[in-house]
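Notes follow the structure.
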Amino acid sequence: MSQTSNVSVPVGLVLIDTVNEMFSEKGKGYPGFKEEYDRIGTFENLKRLLAGFRARGFPAFFSPMSFTEEEYGNWRHPAGVHRMMFDNRMFEAGSWNAEFHPDLAPAGDEVAVAPHKNLDAFATTDLNIQLKRRGVEHVAVAGMIGTMCVESTARTAMELGYEVTLVKDATAPEGGPEAYEQMLRRYELIAHHVLTTDEVLATDPFSGR
């Protein structure tokens with residue numbers, strides 16, 4: 001992002017699936033990503049990113065995933081990703097696993113949008129409405145999984161007309177460093193800006209300068 005960005009454009013942070021399932025050691029999704037979390041610094045960067053937005057007075061929007069008992073058993077056309085989650089009863093509505101990680105949870109008047117059921121956090125949720133109600137035109141997207149929900153949500157945001165920043169060290173992909181590099185190449189096609197957490201927090205309009 002250039003240093004000439006318009007600081008009057010309202011900026012919002014969209015955090016995808018910052019729940020115990022993905023970020024607590026006892027979460028079912030955590031073991032498969034721990035190595036990449038440690039290599040990239042995903043968890044600490046997410047905390048710094050959220051703290052930076054809060055300090056600057058920019059809104060944060062939290063998009064969790066969860067499935068009810070009825071959805072586990074009656075999904076009409078489950079894709080591979082659904083079958084994987086359903087077979088392992090991941091993101092079970094009402095469970096500890098589906099709750100926000102305490103370090104990455106909404107505070108005050110921050111928005112927890114309706115749980116998403118597909119990879120795209122805009123689909124069948126109130127995310128777009130919540131962003132528009134607050135005049136947000138530029139979204140920074142981070143969270144999990146980098147090659148699935150984060151990527152799908154960012155693509156839809158771009159197609160809906162938002163300016164999109166993907167925070168490349170505040171997420172992680174399935175797979176190791178090679179998958180990460182492939183993910184970043186796709187991010188360059190989807191987003192207007194692909195930045196590190198440090199770059200986001202030091203760059204207008206995020207810095208408030």
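Find how much the distance from ASP204 to GLU178 grows on full extension, using 0.36 nm per residue of separation minus their present alpha carbon separation; answer in nm with one decimal. Can you show the working numbers first?
Values: separation 26, 0.36 × 26 = 9.36 nm, distance 3.07 nm.
Gain on stretching ASP204 to GLU178: 6.3 nm.
Please work out the FRET efficiency for the pair GLU44 and GLU99, using the Cβ-Cβ distance as r and a Förster radius of 25 Å; give the result to the nearest 0.05.
0.75
Order the peptides 83-95, 153-165 from the highest to the lowest mean number of other Cβ atoms within 10 Å of their residues.
153-165, 83-95
Can you check what the Kirkwood hydrodynamic radius comes to for segment 11-202, Cα pairs only, in Å to one decimal?
Values: mean 1/r = 0.0606 Å⁻¹.
Averaging 1/r across every pair of different Cα atoms and inverting gives 16.5 Å.
For segment 84-136, just the Cα atoms, rotate onto the principal axes and tell me the three extents in Å, largest first.
The Cα atoms of segment 84-136 stretch 39, 25, 14 Å along the principal axes, largest first.
Any idea how far apart ARG54 and GLU70 come out in nm if each label point goes 7 Å out from Cα toward Cβ?
About 3.5 nm separates the two model spin labels.
Run the reach check for LYS34 against lysines, Cα to Cα strictly under 25 Å, same-chain hits fewer than 8 apart removed. What comes back?
LYS26, LYS47, LYS117, LYS168
Rounding to the nearest 20 debye, state how big the charge dipole of segment 11-202 is about its Cα centre with +1 on each Lys and Arg Cβ and -1 on each Asp and Glu Cβ. Please list the in-between numbers first.
Details: 19 positive and 29 negative charges, 60 e Å.
So the dipole magnitude of segment 11-202 works out to roughly 280 debye.
We did not get these values from a lab; they are worked out from the coordinates using the rules stated. Predicted, not measured: the structure shown is a model, and the values here were computed from it. Cβ coordinates were reconstructed from backbone atoms using ideal geometry, including for glycine residues, and neighbour counts include every protein chain displayed.
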